[in-house]
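In what follows, a structure is listed as structure tokens, so that the remarks can point back to it.
The values are calculated or read from the model by the stated rules, or taken from the named source; none is laboratory data. Source: prediction; values computed, not measured. Every residue, glycine as well, gets a Cβ built from its backbone with ideal geometry; the counts of neighbours run over all protein chains shown. Heads up: the accessible areas ignore ligands, DNA and RNA and are worked out on the full protein's heavy atoms, side chains in. Shrake-Rupley method; radii C 1.70, N 1.55, O 1.52, S 1.80 Å.
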Amino acid sequence: MTQLALVIDLNVCVGCHACVTSCKEWNTSGVSGPMFDDAPYGKDPTGTFFNRVQTYEIGCFPNTETLHFPKSCLHCEEAPCVPVCPTGASHKRDQDGIVLVDYDKCIGCKYCSWACPYGAREFDEHQKVMKKCTLCYDRIYNQDFPESERKPACVLSCPTSARLFGDVHDPESDVSVAIRERGGYQLMPEWGTKPANHYLPRRKTRKQIHAEDLVRVDNPLSKEDIRRETSKDITLDDWLM
Amino acid sequence: MHPAFSVIFLTTLIGVGQGMFLAVFTGESYAAVHLLPGQDSSAFYALGTAVALAFMVLGLFAAVFHLGKPSYFITRAWRGITQWRTSWLSRELIMLPLTMFLVFLYAVFHYFGWGKDLAVPPTLVLGSITTAAVFGLFLATGMIYASLKFIREWYCSLTVINYVLLGGASGFTLAAAFSAYQAPELVTFYAIWAMIITAAGLVTRGASLIRNARIKPIATMQSAIGVRHTHIQQKSMGMMGGSYNTREYFHHKTRAFLKSVKWIFLVLAFAAPLALLALGQGGNVELLLAAFGVQYVGLLFERWFFFAQANHPQNLYYQTV
Ligand code: SF4
Ligand code: SF4
Ligand code: SF4
């Protein structure tokens with residue numbers, strides 16, 4: 001069985017919001033649109049988005065670290081938002097595991113959004129139906145695009161390639177390898193929702209420096225250091241002469 | 001959660017209607033075994049059931065405004081009955097009109113006095129079926145909330161019990177006031193039952209208040225973003241002017257406001273009606289009507305608090321609201 005998903009690399013996400021705007025641009029004009037914007041230049045701009053980037057500060061000054069955190073529907077394998085829907089509008093596709101809302105069936109009761117622990121769904125105040133990330137199902141199979149562009153808009157737009165897309169059930173896919181080898185994890189695993197989307201953690205490249213790396217034990221210079229009494233020991237270099 | 005007035009009115013109004021029907025049918029079944037004096041079919045049973053039905057119709061009317069657009073009631077709401085296998089909301093959407101239809105039938109049988117001279121009057125059979133439907137509806141309404149395991153305040157059998165007892169209490173209080181007009185010899189019976197159910201409701205609602213005050217969240221900031229650190233501070237929520245996430249899941253009121261609503265409903269829904277019922281059980285119409293009015297308003301506060309108190313785990317991602 002296929003389960004398409006995103007894997008988001010928090011180590012390289014710079015919080016530029018390119019995925020947010022490209023998601024909105026693609027989807028507002030695609031089959032999932034329009035996505036409303038109210039007072040975009042006013043005091044309290046608001047609107048419908050399928051994807052948001054949040055920012056967290058971890059630690060206390062001066063030992064702080066900034067984490068940019070993109071958040072969209074995780075296309076959970078045990079999606080709690082699906083069985084609660086009274087109309088069947090909220091559904092999970094068998095063929096690729098994408099969780100979608102059928103706008104023509106939705107009655108706008110918002111019950112599914114109560115059942116999603118991640119707050120991944122947003123009610124469209126103008127169209128009066130529930131909306132969420134579609135995993136760009138109208139791009140990824142679109143024969144009008146060249147093969148290389150049959151990917152979600154947010155994945156294509158990310159300047160640091162922080163977003164990977166693929167089948168997490170195929171053990172050899174890029175996303176599965178990334179999850180396996182780079183410590184991919186799920187959000188709030190304690191709820192048992194089995195999110196298909198995974199996140200790759202922040203990683204630091206540290207070098208462990210030992211004292212021996214800095215001071216050579218048998219340093220020949222120490223033999224010739226006229227400021228101190230020189231050693232009578234034989235050094236490695238004496239053998240080489 | 002943000003308390004929606006459509007749902008507050010829906011759940012309280014159908015609760016009154018369901019409780020009132022149970023009260024009327026209790027009267028009929030007690031009379032069938034000669035524990036209570038029988039009443040006139042149309043003036044008491046049919047009229048009382050019609051009052052119950054009126055409350056349920058009002059509740060249904062309120063529910064229409066919970067839909068995205070009221071027009072969905074005509075065009076799409078029928079789809080809501082299709083997912084009864086998995087969705088408690090779908091089950092409620094089935095049980096509500098079904099119960100209303102049965103209540104209506106029961107009233108019609110009484111109004112025309114059909115089969116009332118038979119050994120087993122059809123109204124008793126119909127009433128028993130309707131009673132089962134009323135409890136089924138209570139169960140569906142309560143389970144809509146009690147089945148959401150992420151919302152810890154609701155995920156508890158007390159949620160369902162409270163819906164049954166609070167609906168029953170307001171219905172029996174209304175029945176006490178109604179019988180003061182139509183059947184004075186039943187006033188004490190209904191008033192005493194109303195007091196018993198109200199007191200029971202106070203116990204279970206109080207128990208859920210105590211439970212919720214000690215509740216421990218399961219999800220944490222650490223598991224929400226997957227970072228192991230004791231100090232995580234949100235700097236940006238991804239938007240400036242708010243979104244559905246900041247509107248739907250927060251009540252935007254102060255802690256003090258919430259606390260005062262709690263005391264208001266404890267007084268209005270429980271203490272005051274208990275006192276008024278005790279004073280009015282002799283048949284004082286004004287006191288009994290006041291008891292119902294006060295209790296209903298108290299239940300509006302109670303329902304508001306029920307929603308506002310629920311803390312959704314998605315709020316972990318919205319710390320700077
Ligand atoms: S993230 Fe939320 S909306 Fe998306 S599948 Fe999971 S529960 Fe459903
Ligand atoms: S808002 Fe729409 S998709 Fe969500 S539960 Fe209600 S009908 Fe289903
Ligand atoms: S997969 Fe598509 S719909 Fe989902 S966040 Fe990315 S661009 Fe938006």
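For B:Lys253, the lysines whose Cα comes closer than 29 Å to its Cα, not counting residues fewer than 8 places off in the same chain, are A:Lys43, A:Lys71, A:Lys110, A:Lys128, A:Lys131, A:Lys132, B:Lys69, B:Lys149, B:Lys216, B:Lys235, B:Lys262. Remark: mean inter-chain Cβ contacts per residue of B:215-225 equal 4, using a 10 Å Cβ-Cβ cutoff to other protein chain atoms. Its residue count N fixes a reference of 2.2 N^0.38 Å for region B:154-263, and the Cα radius of gyration divided by that reference is 1.66.
Which of rounded, prolate, oblate describes region B:73-161, given a ≥ b ≥ c as roots of the alpha-carbon gyration tensor eigenvalues and a/c under 1.5 marking rounded, otherwise prolate only if a/b is larger than b/c? Taking the square roots of the gyration eigenvalues as a ≥ b ≥ c, region B:73-161 is oblate. Translational diffusion of the protein assembly as shown was estimated from the Stokes-Einstein equation, with Rh taken as the Kirkwood radius over Cα pairs; at 37 °C and 0.692 mPa s the coefficient is 121 µm²/s. Loop-located GluC sites (Glu not before Pro) across region A:120-213 with a Cβ neighbour count of 11 or fewer within 10 Å are A:Glu172, with loop assigned by DSSP. Each residue of region B:131-138 was assigned a 3J(HN,Hα) from its phi angle through the Karplus curve 6.51 cos²θ - 1.76 cosθ + 1.60 (θ = phi - 60°); the sequence is 4, 4, 5, 4, 5, x, 5, 4 Hz, with glycine and proline shown as x. Taking every residue in A:194-203 and counting other chain Cβ atoms within 10 Å of its Cβ, the average works out to 1. Normalised by residue number, the volume inside the convex hull of the Cα atoms of region A:93-176 is 154 Å³ per residue. Normalised by the number of residues in region B:165-317, the mean separation of alpha-carbon contacts (under 8 Å, six or more apart) gives a relative contact order of 33 percent. Couplings 3J(HN,Hα) for region B:6-22, derived from phi with the Karplus relation 6.51 cos²θ - 1.76 cosθ + 1.60 (θ = phi - 60°), are 4, 6, 4, 5, 4, 5, 6, 5, 5, x, 4, x, 5, x, 5, 4, 4 Hz, where x marks Gly and Pro.
Near the amide H of A:Leu6, within less than 5 Å, lie the amide hydrogens of A:Asn197, A:His198, all on another chain or at least 5 residues away, with H placed in the peptide plane. Whole-Hz Karplus values for region B:164-174 come out as 5, 6, 6, x, x, 4, 5, x, 5, 5, 4 Hz, taken residue by residue from phi with 6.51 cos²θ - 1.76 cosθ + 1.60 and θ = phi - 60°; glycine and proline positions read x. Within chain B, the longest run free of trypsin sites (Lys or Arg not before Pro) that sit in a DSSP loop with at most 12 other Cβ atoms within 10 Å is B:86-213.
Loop by DSSP (not H, G, I, E, B), at most 12 other beta-carbon atoms within 10 Å: where is the longest site-free stretch of chain A for chymotrypsin sites (Phe, Trp or Tyr not before Pro)? The longest such stretch corresponds to A:142-241. To the nearest hundred square angstrom, how large is the accessible surface buried between B and A, total for both chains, probe 1.4 angstrom? Interface area, both chains combined: 4700 Å², rounded to the nearest 100. Starting from the Kirkwood Rh over alpha-carbon pairs, what translational D in µm² s⁻¹ does region B:261-321 have by Stokes-Einstein at 20 °C and 1.002 mPa s? Answer from the Stokes-Einstein relation: 164 µm²/s.
Scanning chain A for trypsin sites (Lys or Arg not before Pro) in DSSP loops with at most 12 neighbouring Cβ atoms within 10 Å leaves A:44-202 as the longest stretch between them. Across region A:33-94, the volume of the C-alpha convex hull divided among the residues equals 180 Å³ per residue.
Mean projected area of the convex hull spanned by the Cα atoms of chain B, taken over all viewing directions: 18.6 nm². Principal-axis analysis of the Cα atoms of chain B puts helix B:285-309 at an angle of about 20° to the longest axis. The portion of the accessible surface of the protein assembly as shown made up by carbon and sulfur, rounded to a whole percent, is 62 (1.4 Å probe; DNA, RNA and ligands excluded).
For chain A, the solvent-accessible area of protein heavy atoms averages 51 Å² per residue (probe radius 1.4 Å; ligands and nucleic acids excluded). For chain B, what does the relative contact order come out to in percent, with C-alpha contacts under 8 Å and a separation of six or more? Worked out over chain B, it gives 23 percent.
Amide hydrogen proximity for A:Ser90: with H placed 1.01 Å from N in the peptide plane, the residues at 5 or more positions away or on another chain lying under 5 Å are A:Asp102.
Taking a ≥ b ≥ c as the square roots of the Cα gyration tensor eigenvalues, with a/c under 1.5 meaning rounded and otherwise prolate when a/b beats b/c, else oblate, which class fits region A:4-200? Judged from the Cα gyration tensor, region A:4-200 comes out rounded (a/c under 1.5).
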